[in-house]
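Structure below; questions to follow.
The values are calculated or read from the model by the stated rules, or taken from the named source; none is laboratory data. Since the structure is predicted, the reported quantities are computational estimates derived from the model, not experimental observations. Please note: Cβ atoms are built from the backbone with ideal geometry, for glycine as well, and neighbour counts cover all protein chains shown.
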Amino acid sequence: MDIRHFILILLLTPAFCIAQKDYVRFSGRIENRNSDTVMIFSNTKVVKTFLVDKNGNFSDTIQVHDGLYALSDNVEMTTVFLKNGLDIRVKFDGKKFNESIQYEGVGGKENNYLANLIRLDEQFDEQQEALDDETQFAELVNKKRDQQLLELTDGSFDADFVRHEKELLMQNAEGAKASFAKKMVIKRLRNAKSPAFSYENIEGGVTKLEDFKEKFVFIDLWATWCAPCIAEIPHLKNAQERYKGKKVVFVSLSVDYQKNHDKWKKFVMEKNLTGVQVIADKAWQSQFIKDYAVSSIPRFILIDPEGKVLNADAPRPSSHEFIDELDKLLN
């Protein structure tokens, strides 16, 4: 190559790179719109509101942190993937939201995948309704997961999207199996004799479930680190006062780890917690916790005076259903 050709190549080679846009352009067209706005949510916070004109069109930009958001027309809602640099166009019918929603442009493929995922989830829910066997359910979950993983590996999806979705798929599959196991345990235990427990109480002695024969027993499964559990405490105290003198005992069973035993004891004393206070011997691995397939807290259990399970997933004390259920039993 002579010097003239080399210089020509230099002159024809761009001396700059086009910068990626630091925003998402999001536009769309709506038939049979439900409102004059479309909103983007992150968790429960509105991060962008788009104005929809009289013809159902909207368009604007939004700066985001890469990830999943919620798109709402104030009636319906769906999940969208947003990443700065994308140029997404959406169209849907407000009267047939999930059935009609489609995406185009840069980012369209990822969001069409998410839209179709909602439809697949609806089909999955219908299929699993007829199942009452955990092995069959696990096979159904694994089949759905593997089909989605295969679709994600075709090479044309955004790499960040694929990584995020793969993580979610694995988490959701395991979560679905745990939820189904809980559902089966609740069904199996209803009107059956409750699994027993024998745990340390706040006074340092031992409390057993059988100590409360001939009484209804309302068990609150909680922990000192669980904010939703702590939020239920005032309602639980109100219930204890409301049903004082009635044939019911309230047991708060902590799943705090034994290394946090002193923290549990201090919390009970400082917060002046009432009712029967006990702590499980092996936290989540305690036999009573496993017998009830507990994978999240707070969780509430209601047992009748004969020791049979009335409800293995009873309403929260903060709910109207809780008061209604106990009023019927105790009044």
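Does segment 269-287 hold any residues that are more than 28 Å from E241 (Cα to Cα) and free of Cβ contacts under 8 Å to residues at least 12 places away in the same chain, and which are they?
Answer for segment 269-287, where residues must be more than 28 Å from E241 (Cα to Cα) and free of Cβ contacts under 8 Å to residues at least 12 places away in the same chain: just Q285.
Does segment 253-271 contain at least one residue that is out of contact with any Ser or Thr (no Cβ under 8 Å at 6 or more places or on another chain), assigned to a strand (DSSP E or B) and in the same structural domain as F300 (by TED's automatic domain parsing)?
Looking for residues that are out of contact with any Ser or Thr (no Cβ under 8 Å at 6 or more places or on another chain), assigned to a strand (DSSP E or B) and in the same structural domain as F300 (by TED's automatic domain parsing), one finds at least one in segment 253-271, hence yes.
With the requirement that a residue be at pLDDT below 95 and either assigned to a loop (DSSP other than H, G, I, E, B) or touching an Asp or Glu at 6+ places or on another chain (Cβ under 9 Å) (or both), what does segment 37-53 give you?
Of everything in segment 37-53, those that are at pLDDT below 95 and either assigned to a loop (DSSP other than H, G, I, E, B) or touching an Asp or Glu at 6+ places or on another chain (Cβ under 9 Å) (or both) turn out to be N43, T44.
Could you tell me how many of the residues in segment 243-268 are without any contact (Cβ under 8 Å) to a residue 12 or more places away in the chain and over 27 Å from D324 (Cα atoms)?
3
Here's another thing I want to ask about it. Criterion first (closer than 25 Å to D158 by Cα and surrounded by 15 or more Cβ atoms within 10 Å (Cβ to Cβ)) does S59 satisfy it?
no
Tally time: how many residues in segment 77-113 are on the phi > 0 side of the Ramachandran plot, under 26 Å from the mean Cα position of the chain (by Cα) and surrounded by fewer than 16 Cβ atoms within 10 Å (Cβ to Cβ)?
Count: 0.
Looking only at segment 135-145, which residues are touching a residue at least 24 places away in the same chain (Cβ under 8 Å) and either surrounded by fewer than 14 Cβ atoms within 10 Å (Cβ to Cβ) or in contact with a Leu (Cβ under 8 Å, 6 or more places away or on another chain) (or both)?
Scanning segment 135-145 gives F137, N142, K144, R145.
Could you list, in sequence order, all residues of segment 288-305 that are touching a residue at least 12 places away in the same chain (Cβ under 8 Å) and either in a loop (DSSP other than H, G, I, E, B) or over 25 Å from the mean Cα position of the chain (by Cα) (or both)?
Y292, A293, V294, S295, I297, P298, I303, D304, P305
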